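This report concerns only the one structure given below.
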Amino acid sequence: MTQPTPLDPNSGLAAAEAAGIKLTSPDRVVYPGQGVTKADLVAYYAAVAERMLPYI
């Protein structure tokens, strides 16, 4: 199985800003086992939103 391409945390900050959301503590780790930060999570949601939103 191939490893996923890491997302750039800066894209998470840019996505939050574009949506008019102030992302506090973007470097805070929210999933310690994986080392995922708040900015990483926003970057992921921004990347998958188009495909995910019709189903939620």
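The values are calculated or read from the model by the stated rules, or taken from the named source; none is laboratory data. Keep in mind the model is a prediction, meaning the values are calculated, not measured. Heads up, the Cβs are rebuilt from the backbone with ideal geometry, glycines too, and the neighbour counts pull from every protein chain shown. All accessible areas refer to the heavy atoms of the entire protein, side chains included, with ligands and DNA or RNA removed. Shrake-Rupley method; radii C 1.70, N 1.55, O 1.52, S 1.80 Å.
About the Cα centre of the chain, what is the dipole size in debye to 20, counting +1 per Lys and Arg Cβ and -1 per Asp and Glu Cβ, all else neutral?
Working: 4 positive and 5 negative charges, 29 e Å.
It works out to roughly 140 debye.
Computing the accessible area with a 1.4 Å probe over protein heavy atoms, can you report the carbon and sulfur percentage for the chain? Can you show the working numbers first?
Numbers: 2720 of 4660 Å².
On the chain, the fraction of accessible area on carbon and sulfur atoms equals 58 percent.
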Original post:
(i) 19, 22, 20, 18, 13, 6, 1, 0; (ii) 18, 41, 30, 10, 1; (iii) 24, 49, 26, 1: which one is P(r) over Cα pairs in 10 Å bins from 0, in percent as calculated from this entry?
Top reply: (iii)
Original post:
Any idea which of 18, 33, 44 is furthest toward the positive side of the dipole for the chain, if Lys and Arg beta-carbons carry +1 and Asp and Glu beta-carbons -1?
Top reply: 33
**OP:** Pull up all non-local amide H partners of residue 30: gap of 5 or more, or a different chain, and H-to-H distance under 5 Å with H placed in the peptide plane.
**Re:** 36, 37, 38
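Give me the net charge for the shell around residue 13: Cβ to Cβ below 11 angstrom, other residues only, Lys and Arg +1, Asp and Glu -1. Write down the numbers at each step before the final one.
Numbers: positive: 22, 38; negative: 8, 17, 27, 40.
So the environment of residue 13 carries a net charge of -2.
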Original post:
Label residue 22 and residue 8 with points 7 Å out from Cα along Cα→Cβ: what is the distance between them in nm?
Top reply: 2.5
Original post:
Once you list every other residue whose beta carbon is under 10 Å from the beta carbon of residue 38, what net charge do they have if Lys and Arg are +1 and Asp and Glu are -1?
Top reply: -1
